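What follows is a set of notes on a single structure, which appears directly below.
The values are calculated or read from the model by the stated rules, or taken from the named source; none is laboratory data. Since we're looking at a predicted model, the values are computed, not measured. Counting neighbours? That spans all protein chains shown, and the Cβs are built from the backbone with ideal geometry, glycine included. The area values use the complete protein model at the heavy-atom level, side chains included, leaving out ligands, DNA and RNA. Shrake-Rupley method; radii C 1.70, N 1.55, O 1.52, S 1.80 Å.
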Amino acid sequence: MVTARYYEERLQEEYLEGKQPAFDISAGPIPGELHLAAGHEASGAGVCAHLRDDDTVTAPHRPHHIAIAKGVDLKRMTAEIFGRETGLGKGKGGHMHLFDPDVNFACSGIIAQGCPPAVGAALAAKKRNTDGVAVAFLGEGAIDQGAFLESLNFASVQNLPVVFVVEDNDWAISMPKGRVTDVADGSKRADGFELHGARVDHDDVVDVYEAAETAIGRARDGNGPSLLEVQVHRRMGHFMGDPEEYRTDEDVERHHARDSIERLADDLRKHGVDDDELDSLREDAHERVDHAIDWAKEQPEPDPAAAYEDVYANPVARTGTEPRATAESDGGED
Ligand SMILES: Cc1ncc(C[n+]2csc(CCOP(=O)(O)OP(=O)(O)O)c2C)c(N)n1
Ligand SMILES: [Mg+2]
């Protein structure tokens, strides 16, 4: 959780470089959108603590805390975010499209898109007779997506080892949850599909860990899929640069009032962990993050010609200078 929070604080600094005073999304060392997950850390950490490298995780457009908890290579992930050649996707995907086959992690900017691939991974694990599981993370704003609901149905009817984790931060961009659904407890969707459902209505990592232990344990033991909803907080705008004019000060304060990391530190102190130990934990996390960011920034930019690579299974070499075929040159008619 500490690694994820600090990682995003550092990314935020790097991202803003060159983008101010007038916000220019294409400027700076990290061009494009950046969705930060400060306030979501308990869900990634509490769930992924139960997973092995061979288990599959799919994450949405706000993926860093989940990727870090799943053990994605931090250096190559950072290089990807900076658009560098040694990034996980050779610098072509950016922060919403991180893929690390070594730990079976993928994410996508298309909301609920991760559900069908997670169901596919769970089906593969079942057919291969392994005890592997798959977890699909999504936001509460995606729970009326067809891809999600169809995935619930297929997972249920096939009794697949998959867990759907809904991160409920009350917002889908500028849309409050209450305006798009009358179902305040998203885990109730499980009832309609005969799944195990549970909701953790606060972002206490130990409670998330316990709820996830049940859900993932059921999947691993062949007892089928689960739907787990976790109340998290959106401490930031939807994306970096979001002026959040739709949000009241009270709402922002409410989302900052309960910092799951500070509360965990307090709990650990109560259980006898001293400040020195907590400080050294933080220092290790910071060092790891700083090192990954320094390394990534030294990595080469991709060759522009590489844009043609990895697009088709059998790429046709083009220099990019020859004229495209027209209807006339093809001898075609309008
Ligand atoms: C299929 C699809 N529709 C719309 C969008 C645009 N979009 C990006 S993020 C988002 C809201 C997501 O809200 P939520 O799922 O609650 O996740 P959060 O951003 O709160 O973490 C939308 C509608 C998209 N990426 N994909
Ligand atoms: Mg949301």
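May I ask you to say which residue of GLY114, GLY141 is within 16 Å of ligand 2 (Cβ to nearest atom) and closer than 30 Å to GLU253 by Cβ?
GLY141
This table checks each residue for (1) in contact with a Ser or Thr (Cβ under 9 Å, 6 or more places away or on another chain); (2) within 16 Å of ligand 2 (Cβ to nearest atom).
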site	(1), (2)
GLN12	no, no
LEU16	no, no
GLY32	yes, no
GLU41	yes, yes
CYS48	no, no
THR58	yes, no
ARG62	no, yes
ILE66	yes, yes
THR78	no, no
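Cβ contacts < 6 Å: first residue farther than 13 Å from ARG62 by Cβ and modelled with pLDDT of 95 or more, restricted to the range 158-178; second residue crowded, with 24+ Cβ neighbours inside 10 Å and not hydrophobic (A, V, I, L, M, F, W, C), any location; separation 6+ or different chain. Result?
Qualifying pairs under 6 Å: LEU160/PRO225; VAL162/PRO225; VAL163/SER226.
Tell me which of these ARG258 doesn't satisfy, since it passes every other one: (1) exposed (fewer than 13 other Cβ atoms within 10 Å of the Cβ); (2) under 23 Å from the mean Cα position of the chain (by Cα); (3) at pLDDT below 95; (4) of a type in the set (D, E, K, R).
That leaves (1) as the condition not met.
If you check PHE148, PHE105, which single one turns out to be more than 16 Å from ligand 2 (Cβ to nearest atom) and either modelled with pLDDT of 95 or more or under 21 Å from ALA198 (Cα atoms) (or both)?
Details: PHE148 fails: more than 16 Å from ligand 2 (Cβ to nearest atom).
Testing whether each residue is more than 16 Å from ligand 2 (Cβ to nearest atom) and either modelled with pLDDT of 95 or more or under 21 Å from ALA198 (Cα atoms) (or both) leaves just PHE105.
Which condition breaks for PRO243 when tested against (1) surrounded by 14 or more Cβ atoms within 10 Å (Cβ to Cβ); (2) assigned to a loop (DSSP other than H, G, I, E, B)?
Of everything listed in (1) surrounded by 14 or more Cβ atoms within 10 Å (Cβ to Cβ); (2) assigned to a loop (DSSP other than H, G, I, E, B), PRO243 misses just condition (1).
List the pairs whose first member sits in the range 90-118 and is touching a residue at least 12 places away in the same chain (Cβ under 8 Å) and more than 15 Å from ALA134 (Cα to Cα), whose second member is of a type in the set (Val, Ile, Thr) and not in a loop (DSSP other than H, G, I, E, B), and whose Cβ atoms are under 9 Å apart, counting only residues at least 6 apart or on separate chains?
Close Cβ pairs (under 9 Å, with a partner that is of a type in the set (Val, Ile, Thr) and not in a loop (DSSP other than H, G, I, E, B)) amount to GLY94/ILE81; HIS95/ILE81; LEU98/ILE81; SER108/THR58.
In the range 48-69, what residues are part of a loop (DSSP other than H, G, I, E, B) and more than 16 Å from GLY139 (Cα to Cα)?
ALA49, HIS50, LEU51, ARG52, ASP53, ASP54, ASP55
Would you confirm whether any residue within the range 190-197 is within 22 Å of PRO60 (Cβ to Cβ) and within 15 Å of ligand 1 (Cβ to nearest atom)?
No, there is no match, as no residue in the range 190-197 is within 22 Å of PRO60 (Cβ to Cβ) and within 15 Å of ligand 1 (Cβ to nearest atom).
Just give me the residues in the range 52-71 being aliphatic (A, V, I, L, M) and open to solvent by less than 30 Å² (accessible area, probe 1.4 Å), in sequence order.
The answer is VAL57, ALA59, ILE66, ALA67, ILE68.
So which residues in the range 172-185 are over 22 Å from LEU36 (Cβ atoms) and either within 11 Å of ligand 2 (Cβ to nearest atom) or open to solvent by 60 Å² or more (accessible area, probe 1.4 Å) (or both)? Let's see the steps before the verdict.
The initial filter retains those residues of the range 172-185 that are over 22 Å from LEU36 (Cβ atoms), namely 178-185.
If the condition is that a residue be over 22 Å from LEU36 (Cβ atoms) and either within 11 Å of ligand 2 (Cβ to nearest atom) or open to solvent by 60 Å² or more (accessible area, probe 1.4 Å) (or both), then GLY178, ARG179, VAL180, ASP182, ALA184 are the ones that fit.
Quick one: which of HIS65, HIS50 is more than 14 Å from the chain's Cα centre (by Cα) and touching a residue at least 24 places away in the same chain (Cβ under 8 Å)?
On the way: HIS65 fails: more than 14 Å from the chain's Cα centre (by Cα).
Testing whether each residue is more than 14 Å from the chain's Cα centre (by Cα) and touching a residue at least 24 places away in the same chain (Cβ under 8 Å) leaves just HIS50.
Identify the residue in the range 96-117 that is open to solvent by 30 Å² or more (accessible area, probe 1.4 Å), out of contact with any helix residue (DSSP H, G or I) (no Cβ under 8 Å at 6 or more places or on another chain) and over 20 Å from SER26 (Cα atoms) and, among all such residues, is nearest to ligand 1 (Cβ to nearest atom).
ILE110
Which one is surrounded by the fewest Cβ atoms within 10 Å (Cβ to Cβ) among residues in the range 191-240 that are closer than 26 Å to ALA155 by Cα, among the hydrophobic types (A, V, I, L, M, F, W, C) and touching a His at 6+ places or on another chain (Cβ under 6 Å)?
Looking at residues that are closer than 26 Å to ALA155 by Cα, among the hydrophobic types (A, V, I, L, M, F, W, C) and touching a His at 6+ places or on another chain (Cβ under 6 Å), I get ILE216.
In the range 19-36, is there at least one residue being more than 16 Å from ligand 1 (Cβ to nearest atom), open to solvent by less than 10 Å² (accessible area, probe 1.4 Å) and in contact (Cβ under 8 Å) with a residue 40 or more places away in the chain?
There is at least one residue in the range 19-36 that is more than 16 Å from ligand 1 (Cβ to nearest atom), open to solvent by less than 10 Å² (accessible area, probe 1.4 Å) and in contact (Cβ under 8 Å) with a residue 40 or more places away in the chain.
Only one residue in GLY120, GLY87, GLY93 is crowded, with 20+ Cβ neighbours inside 10 Å and not aliphatic (A, V, I, L, M), so which one is that?
GLY87
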